[in-house]
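These notes concern the structure reproduced below.
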Amino acid sequence: MKEATVRKKIIVVDDNLENLTTIKDTLKYLYEVYTCPSALKMFDLLEHFLPDLILLDVDMPEMNGYDAARKLQSDIKYKQRPFMFLTFREDIEGEIIGLKLGAVDYIHKPFVTPLLLQRIKSRIALLDYQKIEIISIATVNAMNHIREGFVLVDVDNNYLTSNPVMAKMLPGITKISKGDSIFFVKSWPEELNTIENGSVEFSITNESTRYYRASISPVFIEEKTFIGRIFLFTDITDNVNFLTEMEKASYKDTLTGLYNRKHFTELAEADIKRAVRINQSIYMAMVDIDSFRKINDTYGHTAGDTVLKSAANIIKQAIRSYDLVGRYGGEKFVVLFAISDETEVSMLAERIRENMEHVFTSYEGEEIKITCSIGMSKLLKTDTLQTVIQNADEALCAAKNSGRNQVKFYDPMPDKK
């Protein structure tokens, strides 16, 4: 006598009774489904058994989905229980938070029923081919309206079908026919050539670079016979760009694109340690735009911002690619030179000054002429990063007091000359 298949257990948590009923009706033919109207009720139920998957609503009273996820992750009994979020939220930040909390997926409501089924199956690695056959027509129709790219291949990775979204993500997929190897598709990600199950992130570059996350799930008959594989592509470009911008903001000055003061200081400390180790000289330059307040007063602060961006570009072009430069604050810039020849560092400083003097900044039909003063200081054995910057700043003051638009080296004993 054939043994009955043990069905996987799923807990659905949502404070909306209609949502609970809809999801249970969607899943009950494939899984053993338990519903909870709150996260607190879910934890009561978890005392009796551990499910194969938890579907969590985000916005709930008493304890929201994010807090429930944190509690799951903090308890050794539940830490390994996979969960995914179901939510009406559309914000990128919310999705990032959910995935950082350990969710295996983040589904937006209202969900397409076949897509929800597909997501769940890919996570618990149980795909019932006979059930897919029953809902195949509905699935094909639904795949034409989802945001994810969908591809179905056979056991030999030969193409069977895909949806229109995938054609936009991978235009080359429209050039192959049913039965052709999926690997023949132009720009098919190499990362997917060897992975059989799970998920992977990658980028595709055509006219621009887009970032994707692919979920790969095997298709079985009666949980034993492997008959194919499904790829679901999710465009995560906005997420990646958001995180990249957040990362940049932590170390870049948003106006000029140079390192901000904090990150410049961190890198300079490392450069100084390296220079001391190999007995290399370090020079610090403090660059200040002359009469910057007058520029703001005459042309306005937007013009001043344009001048600052122009000055940053002039400095970057004047120095060597491996010199360290940052915006120190206001109209001040700081440059660290790891160089043993004082003559050469003087030439680099003069190049900055001369280039600044001969370049005009265009703003609303006006040509704004700028100059800069530069203070230079050599790092001595008794110096720290802070003292060498202070010395460069003193030299800068001397350059300003001597008439501006010039380079001055720090003189530790100015009154004895």
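Which whole number in µm²/s is D for the stretch 252-372 by Stokes-Einstein, with the Kirkwood Rh taken over Cα pairs at 37 °C and 0.692 mPa s? Reported coefficient: 219 µm²/s. A DSSP coil position with no more than 10 other Cβ atoms inside 10 Å describes the following trypsin sites (Lys or Arg not before Pro) in the stretch 1-70: 2.
What the phi angles of the stretch 252-257 give under the Karplus curve with 6.51, -1.76 and 1.60, with θ = phi - 60°, is a coupling list of 10, 6, 5, 7, 9, x Hz, glycine and proline written as x.
Proximity of backbone amide H atoms, modeled 1.01 Å from N, is registered between residue 105 and 85 at under 5 Å, excluding neighbours fewer than 5 places apart on the same chain.
So if R0 is 25 Å, what FRET efficiency would residue 17 and residue 50 give, r being the distance between their Cβ atoms, rounded to the nearest 0.05?
Calculated transfer efficiency: 0.50.
State the percentage of accessible surface on the stretch 378-417 attributable to carbon and sulfur atoms; use a 1.4 Å probe and exclude ligands, DNA and RNA. So the carbon and sulfur contribution to the accessible surface is 49 percent.
For the residue pair residue 244 and residue 305, what label-to-label distance in nm results when each label sits 7 Å from Cα along the Cα-to-beta-carbon direction? Simple spin-label model gives 2.2 nm for this pair.
Scan the chain and hand back the longest stretch that contains none of the chymotrypsin sites (Phe, Trp or Tyr not before Pro) lying in DSSP loops with at most 13 other Cβ atoms within 10 Å. Answer from the scan: 89-321. Helical runs assigned H by DSSP (4 residues or longer) give the chain a calculated mean residue ellipticity at 222 nm of -11500 deg cm²/dmol, each run adding -39500 (n - 2.57) before division by the residue total. Computed from the coordinates I sent, Kirkwood radius over Cα pairs in Å equals one of [x] 24.1; [y] 26.5; [z] 21.3. Tell me the label. Of the labelled values, this structure produces [y]. The stretch between residue 358 and residue 25 holds 112.4 nm of extra length on full extension. This uses 0.36 nm per residue minus the Cα-Cα distance.
Annotation for the stretch 32-115: GluC sites (Glu not before Pro) lying in DSSP loop with at most 15 further Cβ atoms inside 10 Å of their Cβ are 47, 62, 90. Counting 0.36 nm for each residue step from residue 350 to residue 273 and taking away their Cα separation leaves a gain of 25.0 nm.
Straight-line cross-link reach from residue 186 at under 23 Å between alpha-carbon atoms covers these lysines, not counting any fewer than eight positions away in the same chain: 168, 175, 178. Straight-line cross-link reach from residue 79 at under 28 Å between alpha-carbon atoms covers these lysines, not counting any fewer than eight positions away in the same chain: 8, 9, 24, 28, 41, 71, 100, 109, 121.
Listed by chain and number, the lysines placed with their C-alpha closer than 23 angstrom to that of residue 381 are 273, 408, 416; residues fewer than eight positions away on the same chain are left out. Computed with a 1.4 Å probe over protein heavy atoms only, the accessible surface of the chain comes to 53 Å² per residue. In debye, nearest 20: dipole of the chain around its Cα centre with unit charges on the Cβ of K, R (+) and D, E (-)? About 600 debye. Accessible area per residue (1.4 Å probe, heavy atoms of protein chains only) ranks 402, 162 as 402, 162, with the largest value leading. For the stretch 166-294, the square roots of the Cα gyration tensor eigenvalues, ordered a ≥ b ≥ c, give a/c of at least 1.5 with a/b greater than b/c, which places it in the prolate category. Work out the FRET efficiency for residue 183 and residue 73 from their Cβ-Cβ distance, taking R0 = 35 Å, and round it to the nearest 0.05. The formula returns an efficiency of 0.40 here.
The values are calculated or read from the model by the stated rules, or taken from the named source; none is laboratory data. What you see is a predicted model, and the numbers here were worked out from it, not measured in a lab. As a convention, Cβ positions derive from the backbone with ideal geometry for all residues, glycine included, and neighbour counts pool all protein chains shown. Heads up: the accessible areas ignore ligands, DNA and RNA and are worked out on the full protein's heavy atoms, side chains in. Shrake-Rupley method; radii C 1.70, N 1.55, O 1.52, S 1.80 Å.
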